[in-house]
Each structure stands twice: as C-alpha cells, then as structure tokens.
Amino acid sequence: MSTKVKFYRSPDFEFIRDENGTPFFVYRTGKKVLTDSIGASIWKALPNTLEGIIDSFGKSLIVSSKLLNDYLHVLLYAGIVMTERNNQNEREKRYEVLFNRNSRNNDLSSIKNSSKENMLLEQETDEKSFIAKKDLSSNQKDFGELVSVIIVTHNGENYIRRCLCSIFNQNYHPIEIIVVDNASQDATVDLIRQDFPDCRLIILKKNRHYAGALNRGLKVARGKYFLLLNQDIELAPECITALQVKMKTTPQAGAVSPLMKFASLPWFINGLGNHIRNRNWGSDNFINCVDVGQFQELKELPSACFGAVFISREALNEVGRLDEGYSSFYEDVDWSFRCWYQGFRVVPAPEAVVYHEFGASYPEGRKLIFVVKNRLRLVLKLFHGRIRLGFLKNYIIEDVLNCFYFLKKKKFGSLGCYGLAYLWLGFQLPSIFWKRWKVMRSKIKEVTERDVLAKNPRYDPQLTSPVINVAVIRGYYRWCLSHKSDR
C-alpha cells in the first residue's frame, strides 16, 4: 500500500470505550468490534496517510511498521476506515441501495418498478411459480437452466419481505420461488399472499422443522439446481449467477456454499460453510472474520451450511433428501458427509454473497435440545471405529460437565434440555441404525469420514465475536494477507 494514500474514518462506525475502558468500533446497527490500543491510536490519527499514522505514534510505537500496515489493511477491508471520503465499499454500497438497511421494511413497489427495467414477469397458472424472464435490453443473464429457490418460514414476517425482494432482484434467469411455511402464527402467510402472489406457497399445518420443510419444497421443485434458504437471508444481486457458474465449472460439485455475512455487520463473515470437530459444537467456518482475500486458494469445504446452499438435482438424486430425524441443526452436516460419500464435492463460492440476520430463527432452549441430540446422532449414524468412539467419548464428557455446570448455577431449564435431548436420542436409536445401514450400503468405499474431516479449515481462528487487534492480526490476518495473489 502506498504511503501517499490518505485514510479516513468511516461514517458508519464510531469509536467508544465501555465502562471498563475496553475499546470498540461500533457499527451504526449497534454491533461492536473489539479492538486494542493500536486500533484506538489509528482511529485517533485519522484522517492521515500510513506514513503520518506511523509518525503519530512517535516513540510509543510498540509494533513494526509492517504490522501496522497490515492492521490498516484489515481495518480497510472491515469497512472501519476508507481511502476516500464518502467512498463506501462497493459491495456494501450496492447492498445499501437495494435493501436500505436503515429501514425494517423495504418499499416493495419501488423494487418492483426498478426490476421491471431488467425483467418481465410470467406467472404459470398450474404451478403458481415465480419465473423471471429476461428483458433483451437488460444486463440479466439467461442460463436457460431453472433454479428453484426454496425458503422455509416460521413466524418470519419481520424477515421474509427482504429475503424475497433480494431474490426478485437477482440478475439470473429463470427462477422459481417456493416458500414452505412451517405453521406460522404471525402474518407471514398473509404477507406472502398479498405482496408476493406469484410465489408458490406451501402451508404446513404442523411445524416440520427445517429438514422436513425443505424436503417438502424439494419434492415439488422443478429446477435443475436448488437454492435452499433460511427466511432471514438476503442475497446480493449476482449471487445466484455466481453460484451457478461455480457449480457448472467445478467437476463433481454437489453443493456450493456462498459467503454468508452478518446483515448487522456486513463486512464480517457469518460463515463460508461449516465443520465439526471432536470437541465443542459444530461451527461456521471463519465466523467473525473479515474477508481479506484469504479464500482464493480454498477449493473444498467439509460441509455446507444449509442456511444458504446451492445444490444440484444430480447430487440430490444420488444423496437423497435431508434426514428429518435431525429436525433442525446438523442436518446440513449429515447431508454434506453423505454427499462426499457418494463421490460429490462441497465447494466454496466466496464471490457469491448473502447476508444473514444471525440468531433470528430459534429460541435458545429448543436449539440446545437439538444440538445436544444431533451431534451424537451424526456420529452414531455416519462414523466408524476409533474416530466414532473418540467423538462419542468427548461429546459425552462435555455434556456431563455442562450438566454439572448448569446444576451448580441452578439453571434447571438448561439441565432439563440435556435430559430431553438424551431421551429423544434413545427413542431414535432404531431409526438411526437403520439409516446408517442404508448409507453405508450405498457409499463409495474410498471416501471415509477421516477424508471429510481433513478438509476442516486449518486457518480458522474461531473468534467468538468480531475482533481486530494485534493478536488476531499476527495470528491470522498476516498469513492471509501474505498469501493474497494481488499483493
């Protein structure tokens, strides 16, 4: 980076210290990014050039100028600083224009009017599907291969409008939209019927959870490809195009994972696929990190996150639909392992961006029951030998220790969740072993769980919250920046 380039504070961020004196950068949504004295000093020195920032430290500079340069790079990629006043990150600017993050409700009429310049709409009376038709004067790309977008909703009136509007704005053609409603008790169904009548709406009288609802949508979908989405996801305009190109150009690709970012902190990563290890819970890959170009060499993922995933009909036919025994959580890991077992690949598409309202879908108590039960279900169903025993041993020990902790803290509700999870797992054991037999009978013998687990990210700092400080720069970002092809 040239020392002549001048840096400015982003108007979207402010700097604060909490009551303990801990420094934070705060985005306009209220989301915080933890920093340190170096980050605070850089912010204080702005606007300035790199050379001027280094001079502002004087003799108090406790890090090298090279590390300070890398620190500034990460702040730039994080949207906290910028190189020109009023010059927003281009992806964020486009996102702001389309979705107006300052508003909880998009103006549907304006979105439809602007979209008419790019597409013609045709309603199929027998399927009641939403099909985007290409206007010859537009920039819309016609691939000729139908993509079925399947969205699962449950009490999602606060999210589904923005999700559907973002699909409406895709530059890909043709698309059908299928919404599967999991017995919503709010105005979700009425909203879709009134404002999005061309979507195919499937209303379930009973909550079938995520796996069951997705299977219902997959059963009726007509596309060659399927984009599976949570209700609280929004797509960047070129997302489906990028996913389809990645799928078409990657040999044996069965699933493609977009780069999921936080809607409330849109420069920070929610995940690029996910993974499990023999300790702790499953995790989204690279959660709370900033995209600094570290994914250019990433070719494969152990698992796709089904909050937003692109899969092919060919893979679905071979792998099968989701295992509804999971209800929600870990069903995506299960499908991804089975995808690998059938000789397909799970690959990343960091150029395809989606935004996620993280934590908006499930109550904590119900989530705890699912994750406790389902990580054990996964291991019992898909793993073998020492790997299987090692996972089970560690998971059970962790569960026992957690139960003692909740007992000590008198958190009897959480303690009860563990009891319900193990009871539920016991009732499911016969079906688990039956499904295990069917999976092992059909899998390609050359592919094992060890092969899939070996694809877990090696350079994933596992941050529990967004952080930009010297420790993370040294431990993670310096390696990422040194491996960028454009540096």
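Values in this text are rule-based calculations from the coordinates and carry no lab data. If you're wondering where the values come from, they're calculated on a predicted model, not measured in any experiment. Every residue, glycine as well, gets a Cβ built from its backbone with ideal geometry; the counts of neighbours run over all protein chains shown.
The H on the amide N of Ala263, modeled in the peptide plane, is under 5 Å from the matching H of His356, Glu357, Phe358, each at least 5 residues off or on a different chain.
In the chain, the calculated helix contribution to ellipticity at 222 nm averages -12000 deg cm²/dmol per residue, counting -39,500 (n - 2.57) for every DSSP H run with n ≥ 4.
For the stretch 372-389, putting each phi into the Karplus relation 6.51 cos²θ - 1.76 cosθ + 1.60 with θ = phi - 60° gives couplings of 4, 5, 6, 5, 6, 4, 4, 5, 4, 7, 10, 9, 10, x, 5, 4, 4, 5 Hz, in residue order, rounded to whole numbers and with x for Gly and Pro.
Between Glu157 and Ala187, Thr188, the built amide H atoms are under 5 Å apart, and every one of these is 5 or more places off in sequence or on another chain.
Let a ≥ b ≥ c be the square roots of the eigenvalues of the Cα gyration tensor of the stretch 247-297; is it rounded (a/c under 1.5), or, if not, prolate (a/b larger than b/c) or oblate? The shape class here is oblate.
Put in line by how crowded their Cβ is, counting other Cβ atoms within 10 Å and starting with the fewest, Lys44, Lys246 read Lys44, Lys246. Phi angles across the stretch 277-288 convert, under the Karplus curve 6.51 cos²θ - 1.76 cosθ + 1.60 with θ = phi - 60°, into 3J(HN,Hα) values of 10, 7, 9, 6, 7, x, 9, 5, 5, 6, 4, 6 Hz, Gly and Pro given as x. Here each label is just a point 7 Å from Cα along the line to Cβ, and for Ser37 and Leu423 those points are 5.5 nm apart. Sorting Ile387, Ile54, Ile177 from the fewest to the most surrounding beta carbons within 10 angstrom yields Ile387, Ile54, Ile177. Ratio of Rg to Rh for the stretch 108-356: 0.94 [Cα atoms; Kirkwood radius as inverse mean 1/r over pairs].
Placing unit charges on the Cβ atoms only, positive for Lys and Arg and negative for Asp and Glu, gives the chain a dipole magnitude near 1680 debye about its Cα centre.
Taking label positions 7 Å along the Cα-Cβ direction at both Lys44 and Gln252, the computed distance is 5.6 nm, reported to one decimal. Once you've got the Cα coordinates, tell me which of Lys381/Lys443; Lys224/Lys373; Lys224/Lys445 are over 22 Å apart. Cα-Cα > 22 Å for Lys224/Lys373; Lys224/Lys445; rest within.
Between Asp399 and Ala471, the simple label model (points 7 Å from Cα in the Cβ direction) yields a spacing of 3.2 nm.
Counted over the chain, the DSSP beta bridges are approximately 55% antiparallel.
Across the stretch 364-453, what fraction of all alpha-carbon pairs, as a whole percent, falls in each successive 10 Å bin from zero upward? Binned Cα distances yield the sequence 15, 43, 28, 12, 2.
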